[in-house]
Amino acid sequence: MKKLEYTISINAPKEKVWYSLWDDENYESWTKAFCDGSYAISSWEEGSKIHFLSPSGDGMYSKISENKPFESMVFAHIGNINNLKELPLDDETKQWTGCEERYTLTEENIITTLLVSVDSLEQYIDFFEDSFPKALENIKAIAENPIVKSIAVRTTIDASVEKVWDFFTKPEHITKWNFASDDWHCPKAETNLQVGGTFKYAMASKEEPIAFDFEGTYEAIEFHKKIIYKIADGRKVIVKFDFFDAKVILTEIFEPENVHSHELQRNGWQAILDNFKKHINQ
């Protein structure tokens, strides 16, 4: 076993580099260096499982042994996946089970140094030596781009995907969770859940005469799996329902607007998802 290391300097704060690494669409973009169309399914919580997958459904399953936001992410690799199913460990797999892949971020004067270290068997060294430098250049390009194309927020819910879907899409539930703080509420929700159908959520402050409608059109629906809609201002939102490791990972990927900071938008959408989780767990 050999430890390989790769490093790159990125002209961006470590928070932006972190999201460039792990937000869904960014991850899928920079990992094209290894496999075009690759993606990951996980809650991204420390101690949780993660599946690294190719479009064919093959890949590898691992454990997130460390997740220190904006500082480090460590994967301990376990075994192979075939057709979306974890395979039992065989003699070949046992040679690399427990190998680590570590990402470390340090920042000085708004320059972030990304260090990646990976344990590798001899037969994979040439592949990593070719692919990792390309991947780091991809990350650098994403992080240094002043335009943030998408932001991802997620929550993990201990419930059936059918229940999560119903609570997320039915008006009688939407009015109970669709607000970021207790001084706001959603007094009315209308949905027509079909491709080309529309939705409208009334959003209002409880304390001030401020109100607006959050509305849009459904563009694609995969029952119990995915919803894609376009907000009235033209921004796209993808909602994913991944049943994984006996829980539902609910992910929203949205295009940010240009008025508020990206961090404020991320926190606001995350607060609404957290409120959704609180409601469904009652």
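For I174, are the conditions met, namely being in contact with a strand residue (DSSP E or B) (Cβ under 7 Å, 6 or more places away or on another chain), at pLDDT 95 or above and assigned to a helix (DSSP H, G or I)?
Numbers: in contact with a strand residue (DSSP E or B) (Cβ under 7 Å, 6 or more places away or on another chain): yes; at pLDDT 95 or above: yes; assigned to a helix (DSSP H, G or I): yes.
Yes: the conditions hold for I174.
Could you please find all residues in region 157-166 being more than 19 Å from T217 (Cα to Cα) and more than 19 Å from the chain's Cα centre (by Cα)?
Pass one, region 157-166, residues more than 19 Å from T217 (Cα to Cα): 157-164.
Correct list: A159, S160, E162, K163.
Considering E25, E45, which residue is out of contact with any helix residue (DSSP H, G or I) (no Cβ under 8 Å at 6 or more places or on another chain), in contact (Cβ under 8 Å) with a residue 60 or more places away in the chain and either buried (at least 17 other Cβ atoms within 10 Å of the Cβ) or assigned to a loop (DSSP other than H, G, I, E, B) (or both)? Break it down stepwise before answering.
Values: E25 fails: either buried (at least 17 other Cβ atoms within 10 Å of the Cβ) or assigned to a loop (DSSP other than H, G, I, E, B) (or both).
E45 is the lone residue from the list that is out of contact with any helix residue (DSSP H, G or I) (no Cβ under 8 Å at 6 or more places or on another chain), in contact (Cβ under 8 Å) with a residue 60 or more places away in the chain and either buried (at least 17 other Cβ atoms within 10 Å of the Cβ) or assigned to a loop (DSSP other than H, G, I, E, B) (or both).
Can you tell which of D126, D166, D119 is acidic (D, E), over 18 Å from V239 (Cβ atoms) and out of contact with any Cys (no Cβ under 6 Å at 6 or more places or on another chain)? Spell out the reasoning first.
Values: D166 fails: over 18 Å from V239 (Cβ atoms); D119 fails: out of contact with any Cys (no Cβ under 6 Å at 6 or more places or on another chain).
Just a single option satisfies the conditions, and that option is D126.
I'm checking my understanding of the structure. Among residues of region 229-248 that are of a type in the set (A, V, I, L, M) and in a strand (DSSP E or B), which one is surrounded by the most Cβ atoms within 10 Å (Cβ to Cβ)?
Looking at residues that are of a type in the set (A, V, I, L, M) and in a strand (DSSP E or B), I get V248.
Given the conditions (1) within 13 Å of H77 (Cα to Cα); (2) modelled with pLDDT under 95, report the number of the one that T97 does not fulfil.
That leaves (2) as the condition not met.
List every residue pair whose Cβ atoms lie under 7 Å apart, where the two residues are 6 or more positions apart in sequence or sit on different chains, the first residue falls within region 167-180 and is closer than 18 Å to F212 by Cβ, and the second residue, located anywhere, is among the hydroxyl-bearing types (S, T, Y) and not in a helix (DSSP H, G or I).
P171/T191; I174/Y201; N178/Y201
When only residues in region 249-280 that are in a helix (DSSP H, G or I) and β-branched (V, I, T) count, which is nearest to the chain's Cα centre (by Cα)?
Of the residues in region 249-280, the ones in a helix (DSSP H, G or I) are 262-280.
From what is left, the residues that are β-branched (V, I, T) are 272, 280.
On the way: I272: 16, I280: 21 Å.
Per the criteria, the residue is I272.
Restricting attention to region 108-135, which residues are surrounded by 12 or more Cβ atoms within 10 Å (Cβ to Cβ), charged (D, E, K, R) and in a strand (DSSP E or B)?
Listed by number, the list holds a single entry, D119.
If you check H77, H51, which single one turns out to be surrounded by 15 or more Cβ atoms within 10 Å (Cβ to Cβ), touching a Cys at 6+ places or on another chain (Cβ under 8 Å) and not small (G, A, S)? Give the derivation first.
On the way: H51 fails: touching a Cys at 6+ places or on another chain (Cβ under 8 Å).
One residue alone meets the criteria, H77.
The values are calculated or read from the model by the stated rules, or taken from the named source; none is laboratory data. Here the structure is a predicted model, which means the values were calculated and not measured. Counting neighbours? That spans all protein chains shown, and the Cβs are built from the backbone with ideal geometry, glycine included.
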